[in-house]
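Novice: Pasting a structure below so you can have a look.
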Amino acid sequence: MFKMSIKMKKILFFALLSCQFAAVYTQNAQDYVQRANEGSAASQYNLGLCYEEGWGVSADKKQAAYWYEKAAVQGQPKAQYNLALLYFNGEGVEKDQSKAVYWYELAAQQGVAGAMLNLGMCFKDGTGCVQDYSKAVKWLKKAYDNGSKEASLSLGYCYFNGLGVNQNYTKAFKYWQQSADDGMAEGQYNLGTCYENGMGVERDLIRAVYWYTQASLQGYQQATDRLKDTKALR
């Protein structure tokens with residue numbers, strides 16, 4: 001009598017589980033189609049998500065953009081954010097970063113932290129809009145206050161260089177400390193620079209080397225190069 005090995009049983013179990021999930025996704029997508037065509041913004045957003053991720057339907061960025069826009073014009077914030085991402089990267093639609101900024105702003109005004117972050121970055125870099133450091137800081141702060149870890153890195157940059165705010169090394173250090181603690185290599189390198197030069201914090205070469213090392217371990221080349229310059233760290 002044939003006996004199935006434990007490994008084969010596991011493979012069969014996960015195969016059956018995958019089929020069950022696929023059936024659920026397909027049914028969900030079909031349900032969303034009906035409600036989306038009836039004008040439900042929530043279903044239009046969910047259907048867009050299904051098309052973007054290939055859940056229950058063939059992945060299709062054009063269809064994703066189509067349904068996101070249907071929901072976005074009705075004020076669905078996540079649809080506005082996802083549509084902005086598609087416009088920013090030119091996926092499923094013709095690349096148009098000014099349209100991305102438009103949808104980022106609408107989503108940001110409704111509390112989407114990712115939209116706040118990306119809108120702040122667009123204003124900082126002048127991408128899809130006129131460069132405006134004051135607006136950049138405004139939205140980066142909102143993103144930071146709403147839990148965006150990535151915002152701390154750019155806020156530190158703005159305070160360090162006096163962009164949209166009065167130059168303040170202490171605040172720059174605070175934000176870079178946060179980004180370093182969150183494991184961002186660039187934040188770790190910047191924190192090392194602050195410690196090395198005594199900017200926003202008391203000079204401490206031991207801590208400088210520590211943070212350069214943390215960044216270097218993540219492959220951040222500038223930190224690796226700085227560690228090689230042993231004379232500067234004596």
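Novice: For GLY90, list long-range residues whose amide hydrogen, built 1.01 Å from N in the peptide plane, is under 5 Å from its own amide hydrogen.
Specialist: Under 5 Å from the amide H of GLY90: ASP96.
Novice: Specify which labelled value, from (1) 30, 23, 16; (2) 25, 23, 19; (3) 42, 29, 13, agrees with semi-axes √(5λ) of the Cα gyration tensor in Å derived from the coordinates of the model shown.
Specialist: Derived directly from the coordinates: (3).
Novice: Another question about this same structure. Peptides 80-87, 108-115, 37-44, 61-68: what's the order by average Cβ count within 10 Å, highest mean first?
Specialist: Ranked by mean Cβ neighbours within 10 Å, highest first: 80-87, 61-68, 108-115, 37-44.
Novice: Hey, another quick one. Where does each of 215-223, 98-106 land if you order them by average Cβ count within 10 Å, highest first?
Specialist: In decreasing order of mean packing, 215-223, 98-106 become 98-106, 215-223.
Novice: What does the C-alpha gyration tensor say about the overall shape of the range 102-143? Classify as rounded when a/c is under 1.5, otherwise prolate if a/b is larger than b/c, or oblate.
Specialist: Since a/c reaches 1.5 but b/c is at least a/b, the shape of the range 102-143 is classed as oblate.
Novice: Then there's this: For the range 40-54, just list the computed ³J(HN,Hα) in residue order, Karplus coefficients 6.51, -1.76 and 1.60, θ = phi - 60°, integers in Hz, with x standing in for Gly and Pro.
Specialist: 6, 5, 4, 5, 5, 4, 5, 5, x, 5, 4, 5, 5, 9, x
Novice: Further question: Using the Karplus curve 6.51 cos²θ - 1.76 cosθ + 1.60 with θ = phi - 60°, what ³J(HN,Hα) values do you get for each residue of the range 85-93, in whole Hz, with x for Gly and Pro?
Specialist: Each residue of the range 85-93 in turn: 4, 5, 5, 5, 9, x, 10, x, 9 Hz.
Novice: Still on this model: I'd like the orientation of helix 185-197 relative to the chain: the angle between its Cα long axis and the longest Cα principal axis, in ° from 0 to 90, rounded to 10.
Specialist: 10
Novice: Could you tell me whether the range 148-233 comes out rounded, prolate or oblate from its Cα gyration tensor? Rule is a ≥ b ≥ c as square roots of the eigenvalues, rounded for a/c under 1.5, then prolate if a/b exceeds b/c, otherwise oblate. Mind showing how you got there, number by number?
Specialist: Details: a/c = 2.11, a/b = 1.39, b/c = 1.52.
Since a/c reaches 1.5 but b/c is at least a/b, the shape of the range 148-233 is classed as oblate.
Novice: I need the phi-derived Karplus couplings for the range 135-145: 6.51 cos²θ - 1.76 cosθ + 1.60, θ = phi - 60°, integer Hz, Gly and Pro marked x.
Specialist: 5, 4, 4, 4, 7, 5, 5, 4, 5, 4, 5
Novice: Return the calculated 222 nm mean residue ellipticity for the chain, to the nearest 500 deg cm²/dmol, obtained by summing -39500 (n - 2.57) across DSSP H runs with n ≥ 4 and dividing by the residue count.
Specialist: -23000 deg cm²/dmol
Read-outs: derived from the displayed coordinates by stated rules, not from any lab. These figures come from a predicted structure and were not determined experimentally. Heads up, the Cβs are rebuilt from the backbone with ideal geometry, glycines too, and the neighbour counts pull from every protein chain shown.
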